[in-house]
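Below: the structure, in structure tokens.
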Amino acid sequence: DGGITQSPKYLFRKEGQNVTLSCEQNLNHDAMYWYRQDPGQGLRLIYYSQIVNDFQKGDIAEGYSVSREKKESFPLTVTSAQKNPTAFYLCASSIQTGSNTEAFFGQGTRLTVV
Amino acid sequence: AQKITQTQPGMFVQEKEAVTLDCTYDTSDPSYGLFWYKQPSSGEMIFLIYQGSYDQQNATEGRYSLNFQKARKSANLVISASQLGDSAMYFCAMREGGMTGGGNKLTFGTGTQLKVEL
């Protein structure tokens with residue numbers, strides 16, 4: 001089945017540690033995105049990538065880093081510089097052309113700092 | 001300024017009734033797209049319906065329709081014949097500009113929690 005796979009579903013991190021969230025897609029989509037969701041705030045864009053080896057900061061990139069070495073993969077690292085990392089993280093992908101191009105989302109990773 | 005505003009934090013509807021979820025948006029770009037997503041308690045985002053800024057007719061997808069009023073900058077979602085399985089969080093989102101130079105990054109509203117009752 002084609003889709004987006006995020007792992008793990010739940011992740012616990014100690015303060016001061018970096019942690020990497022995985023996102024893999026087999027939809028052959030060029031563009032991939034990372035969103036953060038906090039209660040009552042909807043989704044906010046962290047980083048996005050339109051093509052391999054290229055990515056841009058979104059609205060809340062501070063404390064996060066990404067890489068796009070393969071078309072299928074767009075991992076997100078939550079660094080120790082992120083002051084409030086506890087949140088629900090959603091990865092998405094989309095094609096680049098066409099007007100009616102919705103983004104497809106993964107199941108999400110819930111990160112908790114302990 | 002908020003680009004997407006959803007003013008209803010929570011809504012209740014009786015099963016089999018219709019419900020309208022409000023969404024207003026703000027953009028100066030003539031080319032944009034509006035999306036509605038459903039998020040059940042499990043967390044995944046499910047695409048429901050899309051409306052392009054140049055579309056002449058309101059979008060419909062099964063029980064979902066979009067009441068697009070361009071002059072008012074509103075894109076309300078109408079769910080007809082509500083079912084218990086419609087209970088979820090609903091998000092309105094906007095993509096600005098053409099497909100070049102920005103991909104399909106979306107700006108989301110804060111969502112409306114819908115509860116369908118017997």
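The values are calculated or read from the model by the stated rules, or taken from the named source; none is laboratory data. This one's a predicted model, so the numbers in the text were calculated from it and none came from an experiment. Backbone-built Cβ (ideal geometry, glycine too); neighbour counts: all protein chains shown. Remember, those area values only see protein heavy atoms, side chains included, never the ligands or the DNA or RNA. Shrake-Rupley method; radii C 1.70, N 1.55, O 1.52, S 1.80 Å.
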Can we say residue A:104 is open to solvent by 60 Å² or more (accessible area, probe 1.4 Å), touching a residue at least 40 places away in the same chain (Cβ under 8 Å), of a type outside the set (Lys, Arg) and within 28 Å of residue B:31 (Cα to Cα)?
yes
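In this structure, is residue A:26 out of contact with any Lys or Arg (no Cβ under 9 Å at 6 or more places or on another chain), surrounded by fewer than 19 Cβ atoms within 10 Å (Cβ to Cβ), of a type outside the set (D, E, K, R) and away from chain B (no Cβ under 13 Å)?
In short, yes.
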Is it the case that region A:15-27 has a residue that's in a strand (DSSP E or B), in contact with a strand residue (DSSP E or B) (Cβ under 6 Å, 6 or more places away or on another chain) and among the β-branched types (Val, Ile, Thr)?
yes
Checking A:17, A:82, A:37, A:41 in turn, the sole residue that is at pLDDT below 95 and open to solvent by less than 50 Å² (accessible area, probe 1.4 Å) turns out to be A:82
Taking residue A:107 and the conditions (1) within 11 Å of chain B (Cβ to nearest Cβ); (2) assigned to a strand (DSSP E or B), which numbered condition does it fall short on, given that it satisfies the others?
(2)
Look through region B:39-62, keep the residues that are closer than 17 Å to residue B:23 by Cβ and part of a loop (DSSP other than H, G, I, E, B), and return whichever of them is nearest to the other protein chains (Cβ to nearest Cβ).
B:45
